[in-house]
Every structure is written in C-alpha cells, then in structure tokens.
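Student: Let me give you the structure first, and then I'll get to my questions.
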Amino acid sequence: MTHSQPQVKFFIPNSKSQEIDIFPATLETLSQYKPVRKRYIAIPEIIANWLAKNTTTNATQGSLHFSQVSTEDEWEKVKALRLRVYADKAPYMLDHINSDGSDEYDNHSVVFAAWWHGMAVGTIRFTPYPFESSKFMSAAELNAFLGQQKQHDYLEWSRLLIEKNCAIKRLSTALIVYAGLSAIFKTGYRQYFGYSKSKVRNTFSTFSLDKNIREFSIPSRGEDNYLMLKGDFLQDFKLFIKKMFV
C-alpha cells in the first residue's frame with residue numbers, strides 16, 4: 001500500500017531526527033515548489049528505466065529496474081541497504097543516521113532505488129533546501145558556491161550507496177541517470193550539487209560538472225577530503241544522449 005504523501009518540511013535539524021514517522025517525499029511534492037516547465041514533455045517511466053539500464057554493461061534488462069521509493073516495503077528495504085553498506089564501508093556513518101537507517105532529511109527528500117530481483121541494490125536521494133551540507137558549511141560558504149540566493153534552485157544529492165556484492169557494473173551511474181531524468185521531467189529543478197570523497201570522484205566523470213569545485217573536510221567522518229560538486233540536469237541529459245546515440 002502506498003504511503004500518504006508528507007508535506008515538505010523546511011527546517012534545519014541539529015541532531016538525529018526525533019520524527020515518529022519518517023517517510024520520503026515524492027517528485028510530485030517537490031514540483032509544487034518548482035513546477036514542471038511546460039515546454040518539457042514527460043518521458044514515460046519505461047523509457048527512463050530503459051535509458052538508465054543501458055548505462056550498465058552487464059545487467060539483464062528484465063531483472064533490473066529503478067523507481068522512486070513510494071511504499072512502506074520499499075522504504076524498509078532501502079533503509080536496510082543503508083545500514084548494510086555503512087556497516088561494511090563507513091561504520092562512522094552509523095552515528096549520523098537513526099538506528100533504522102533513516103535521518104532527519106528524509107521527510108523532505110525524494111529517495112530513489114535500484115532493484116534487482118526485488119532487492120534494493122542501490123539508492124540515492126535528492127533534497128531541496130535546507131540541505132544536509134548546511135551541517136558542514138556556513139550559509140555564506142554555500143552562497144559563495146551555489147550563487148547568492150540560489151539555494152532554492154538546487155537539489156542536493158546524497159546517500160548514494162551500492163550493495164557490496166552487487167555485480168552490476170556502472171550501477172551508480174545508471175542510478176544517477178534515472179534520478180536525474182526523473183527530476184528533469186517531473187519537477188522544475190534543473191541544478192544539483194552534492195559532495196563525495198575525493199577518491200570516488202571518477203564516479204561522476206560521465207556528467208557535465210561545473211569546473212567550480214570546492215574541497216573541504218568533515219572531521220567527524222575521518223581524515224578523507226571531500227569535494228563539493230555541482231551541475232545541470234539538462235546539460236547532463238544532452239551529453240548522455242549524445243554519447244549514447246552519436
């Protein structure tokens with residue numbers, strides 16, 4: 001059964017969420033704040049899935065699909081995936097999320113997932129302002145990076161995770177493609193940003209990222225350096241189509 005759509009909450013939390021019922025928002029909810037531009041015709045879900053799946057190199061077409069998380073069962077599987085991946089690859093992150101795998105930004109974020117034979121094997125989320133990055137950067141620093149008064153024009157990506165034993169190559173790229181297509185054709189958002197560890201920068205080499213990159217650190221997450229990246233969904237889509245068909 002589909003969970004009722006929550007209202008987008010504009011607040012900046014200071015600690016782990018105390019929400020009793022945390023459930024992701026939907027693209028339809030986000031489009032209330034950034035309406036779909038009329039000149040864009042929505043592509044069918046089956047086409048968005050086909051384009052994303054063709055980004056991978058060894059996935060059986062009928063066994064892999066992508067969607068935004070919209071049911072309680074899907075949400076439980078994604079939260080469990082977060083816990084598994086963090087426990088294995090980044091145990092310190094377990095201190096930054098709730099015990100069930102959710103956090104205080106999920107209620108006003110759209111969460112996407114990659115499904116393999118019904119199992120959640122990948123996930124990413126898009127968050128409108130206020131951003132998780134507000135925990136690590138001041139308002140002045142974010143303004144300098146995004147542009148003055150531009151926060152409401154961006155979606156922040158985060159929680160990009162892939163199952164440890166998943167054998168599907170380039171699944172993270174495919175998941176980003178699907179989520180980006182969904183944002184283009186179902187909301188008015190065109191710009192995105194997010195941060196990643198420097199050593200996984202190549203994950204985003206497929207995309208047309210802005211040359212303005214900011215390097216910073218998060219002491220509570222170890223000694224790794226992070227890169228703040230930004231881009232444009234539509235420019236990425238044009239580049240993606242060119243590489244696929246030209």
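Student: Somewhere in region 99-119, is a residue at pLDDT 95 or above, hydroxyl-bearing (Ser, Thr, Tyr), within 24 Å of residue 83 (Cβ to Cβ) and part of a strand (DSSP E or B)?
Tutor: no
Student: Checking residue 78 against (1) farther than 18 Å from residue 124 by Cβ; (2) in contact with a strand residue (DSSP E or B) (Cβ under 6 Å, 6 or more places away or on another chain), only one condition comes out false. Which one?
Tutor: (1)
Student: With respect to residue 111, is the statement that it is surrounded by 19 or more Cβ atoms within 10 Å (Cβ to Cβ) and touching a residue at least 60 places away in the same chain (Cβ under 8 Å) true?
Tutor: yes
Student: Has region 86-93 got any residue that is at pLDDT 95 or above and touching a helix residue (DSSP H, G or I) at 6+ places or on another chain (Cβ under 9 Å)?
Tutor: Yes - at least one qualifying residue is present in region 86-93.
Student: Further question on the same structure: Got a sec? Which of 150, 135, 211, 197 is in contact with a Phe, Trp or Tyr (Cβ under 8 Å, 6 or more places away or on another chain), more than 17 Å from residue 52 (Cα to Cα) and either surrounded by fewer than 22 Cβ atoms within 10 Å (Cβ to Cβ) or at pLDDT below 95 (or both)?
Tutor: Testing whether each residue is in contact with a Phe, Trp or Tyr (Cβ under 8 Å, 6 or more places away or on another chain), more than 17 Å from residue 52 (Cα to Cα) and either surrounded by fewer than 22 Cβ atoms within 10 Å (Cβ to Cβ) or at pLDDT below 95 (or both) leaves just 197.
Student: So which residues in region 85-108 are more than 17 Å from the chain's Cα centre (by Cα) and either surrounded by 23 or more Cβ atoms within 10 Å (Cβ to Cβ) or closer than 13 Å to residue 160 by Cα (or both)?
Tutor: Those that are more than 17 Å from the chain's Cα centre (by Cα) and either surrounded by 23 or more Cβ atoms within 10 Å (Cβ to Cβ) or closer than 13 Å to residue 160 by Cα (or both): 89, 90.
Student: If you don't mind, there's one more thing I want to ask. Exactly one condition in (1) small (Gly, Ala, Ser); (2) in a helix (DSSP H, G or I); (3) out of contact with any Lys or Arg (no Cβ under 7 Å at 6 or more places or on another chain); (4) under 24 Å from residue 56 (Cα atoms) is false for residue 144; which is it?
Tutor: Single failed check for residue 144: (4).
Student: Something else: Of all residues in region 202-234, which are among the charged types (D, E, K, R), outside any loop (DSSP other than H, G, I, E, B) and out of contact with any helix residue (DSSP H, G or I) (no Cβ under 9 Å at 6 or more places or on another chain)?
Tutor: 232
The values are calculated or read from the model by the stated rules, or taken from the named source; none is laboratory data. Please read these numbers as outputs of a predicted model, since none were measured by experiment. Neighbour counts are summed over all protein chains in view; Cβ atoms, including those assigned to glycine, are modelled from backbone coordinates with ideal geometry.
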